[in-house]
Amino acid sequence: MNQADPWLGVLTAGPDRAGRVAHVEQVPPQTGQTCPWPAWVPPQLAKSLSDGGIERPWGHQIRAAESIRAARHTVMATAAGSGKTLGMWLTPLAEIMTEPGRGTVLYLAPTKALGADQLSGLERMTGLSAVGAGPSAGAFRAATCDGDTELEVRRWVQATADAVLTNPDYLHFSLLPRHAYWTRFFRRLRWVLIDEAHAYRGLFGAHVSLVIRRLRRVAAHYGAAPTFALASATIAEPAATAGALIGCDPSTITCVAGDDAPRGRRTVVLWQPPFLEPDEPTKPSDDPDDAADQLVTQVRRSAEAEAADLVADLAGSGAQTLAFVRSRFAAESVADSARIRLGPAGAGRITSYRGGYLPEERREIEAGLRRGSLSALVSTTALELGIDIPGLDVAMIVGWPGTRASFWQQAGRAGRGGGDGLAVWVAGTNPLDAYLVEHPEAIFGPPVEATVFDPTNQHILAPHLCAAASELPIRPDDVEYFGSTMPAILQQLTDLGVLRHRTTGWYWRPTEPASSLTDLRGDHGPPVDIVEADTGRLLGTVDAGRAEATVHIGAIYLHRGAAFIVTGLDLDGHIATVSQTHLPHRTRANTRSTVAIIAEHRVEAGNGFAWHLGDVEVRSQVTSYTRMRSAGGATIDTVPLDLPEHAMRTVAAWLTVESSLLDDASLSPRELPGALHAAEHAAIGLLPLLATCDRWDLGGLSSAFHGDTEGPVIFIHDAAPGGAGFAARAFAAHGALTTAVRDLLQGCGCSDGCPSCVQSPKCGNANQMLDKGAALRLVEAVARG
């Protein structure tokens, strides 16, 4: 019997629940294939691993370890829970234990939490009490080192550690700029281990790729040429992606794919929430005169509301569940609703987990999940990565996570350790979810998406060249690391006065740290502290780039079941003050944006239309916020805000249409704005089918008449300075995108447009002026052309 079946039975036991199962996919089990320990593994290490529960390794672990031992760059592209940790670490562990001081290891993880978990995993896996961060360490000395590490411990790590576990941010801001303090470590650096390599995509991936190039350059300065080992359960074209990330020829990289680890059967369920009853709230406003708030037929229950019920039912039945949601607000609200549904028994057994919590709060929650004292955890993607949490029965994915890579990463959290597992995807009310729940082959058929990032992007490369020049003078042969555009960008930076050119190279001129010129995650400055006004207690933080939309004055901020209202926001001081409240409403920020074309690089013309690719300037501003009733979501009012406007140069794809096509589509001037707006929303919602992104990586704008194009236009632009490659992908795949939009609009059962087809959760205009029928005629005409 499939061990996941009882939990699926719990979910389908309620009234009308069975009909909500849209599709069930069975991922078959696999038996494991072990092999002996190689002769080069020291007996004491083999014994420690055996005592830690690893009696014999899986075949793929040894294939990877042998490749790393032969000093070949290696990427492990094997399934979640297949033991990639041992495959990466076995060679460094064996060689350093055989000959202490022979080499050092740098381990990079996308998050601090994963680095700390990896250190704990090494201790559990090897049973070596010597793994630690203190002067009592013995044959193998490992430690985490990041922005939270105390100065005394950091000095010990610099002087003593064989292995340093950190993240790209610390490498960028501290370790590379202060490489002279790490001379001992760099001179012996033999291995660099990069975990969860699929996480480095888009803007973040481009930044990290350049940080790794700077790392290779500094290591070479000290005479080191480390071997790179990368790991990911969900990565397309592993060798090519690894080569792009570390800046090496893919032909020099060994790919270890196809694993020999055992795994249980995984049941993957696509769950479609029901339609709301006629008397349930289905619109965001009570104002019958507001065209944006008219009643929409056949609106489904939200994925968050549905998930709260499912989480509560599973927790009440004894299952341990990890539910992934798409936002910090959803993490708080789903956990709170699930606790309420479960009643007094839910207190302390269901909680949320997200970025912005204090480190001690996160560690407490992680420990509770491992101990089993928590029945359910509702998390943002902060727990998507490979933090080892054994014993999870169910992984729930609330709304499409953006990519198939993330989908399988989250689904793989259940059933780890060879046991059966149940993964449930609860479809949301947006175009992409509506399409996928009706087309399961789009989830289970194709491979995971290619990882998209562009380290040659001038807006990203320039500040990293400044950082590199501050670390070591840049010389002409550094083009090996930074590419053929390096000389031209160096000249521009020299002309601007930020670099000084001498016969020995290019030098950083200003006195401030060059690493401060850019943030790897696009956070636009230091985080904003969220402080309780009455007590001075620090509740958490929010990224600077999100502050104006999430902690503006009047915003409702949720924190572990409690609601707070923002009473002050000091952008210069990076502080938001809040007070606890019981007001029965929540808030949503509204934005206004404009797009101006700077340069057109490519164009592909059709019959009455053309697709373009080029550089644009996007201006945006948070202009107001809407207050909505907590129960039902009805609009109360809209409150104006006085916040600054921001300008960003990025890359866009845009569609222009001629009057002949509008005649072919029978579109009147009155219908055109709604047709363009609805088609824009649907296209942005579906682009993640074709690129490694989600709709939050993108922005858009439509206009019946744009001054730069002198006619109707739909813009789809990257939501990152300089671009991130997603708009370019939209341009390259515009035919497939048009077909997908047409199929979605034809197949959606609503009459006038709904969240499953043309309404967008990120629309800055509150989803006003949307015409689904006109959009369908427009897209059909483009598809014919």
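Backbone amide hydrogens, once placed in the peptide plane, bring Ala224 within less than 5 Å of nothing, excluding anything fewer than 5 places away on its chain. Quick check: the distance between the Cα centres of segment 391-470 and segment 192-215, to the nearest angstrom? So the two Cα centres are separated by 17 Å. Here the contact order of the chain, divided by its residue count and restricted to Cα pairs under 8 Å and six or more residues apart, works out to 12 percent.
Can you give the relative contact order of segment 672-785 as a percent, counting alpha carbon pairs under 8 Å and 6+ residues apart?
Contact order relative to length: 35 percent.
Annotation for segment 344-381 versus segment 233-275: alpha-carbon center distance of 28 Å. Close amide H pairs (under 5 Å, H built 1.01 Å from N) link Ala323 with Leu377, Val378, Ser379, Met396, residues at least 5 positions away or on another chain. Protein heavy-atom accessible surface, 1.4 Å probe, per residue over the chain: 39 Å². Annotation: amide H of Ala257 within the under-5 Å range of Ala77, sequence separation 5 or more or interchain, hydrogens built in the peptide plane.
Quick one: net charge of Val758's neighbours, Cβ under 10 Å, K/R +1, D/E -1?
Details: positive: Lys772; negative: Glu680, Asp752, Asp771.
Net of charged neighbours comes to -2.
Residue-wise HN-Hα couplings along segment 538-555, as the Karplus relation 6.51 cos²θ - 1.76 cosθ + 1.60 with θ = phi - 60° gives them from phi, are 7, 7, x, 9, 9, 4, 4, x, 9, 4, 5, 8, 10, 10, 5, 4, x, 5 Hz; Gly and Pro carry x.
Please identify every one of the GluC sites (Glu not before Pro) in segment 55-98 that sits in a loop by DSSP and has no more than 15 other beta carbons within 10 Å of its own beta carbon. Let's see the in-between values first.
Details: sites: Glu55, Glu66, Glu95; in loops: Glu55.
Hits after loop and neighbour filter: Glu55.
So what's the net charge close to Ala236: Lys and Arg +1, Asp and Glu -1, counting the other residues with Cβ under 15 Å from its Cβ? In short, 0.
Packing order of peptides 570-580, 655-665, highest average first: 655-665, 570-580 (average count of other Cβ atoms within 10 Å over each peptide's residues).
Packing, as the average of other Cβ atoms within 10 Å across residues, places the peptides 31-39, 160-168 in the order 160-168, 31-39, highest first. Each peptide in 14-25, 586-597 was scored by the mean count of other Cβ atoms within 10 Å over its residues; highest first, the order is 586-597, 14-25.
Out of (i) 77, 69, 57; (ii) 89, 74, 47; (iii) 142, 80, 61, which label holds the value of Cα extents along the principal axes in Å that was computed here? Read-out from the structure maps to (i).
The values are calculated or read from the model by the stated rules, or taken from the named source; none is laboratory data. Quantities reported herein were computed from a predicted structural model and do not represent experimental measurements. As a convention, Cβ positions derive from the backbone with ideal geometry for all residues, glycine included, and neighbour counts pool all protein chains shown. With ligands, DNA and RNA removed, areas are computed over all heavy atoms of the protein, side chains included. Shrake-Rupley method; radii C 1.70, N 1.55, O 1.52, S 1.80 Å.
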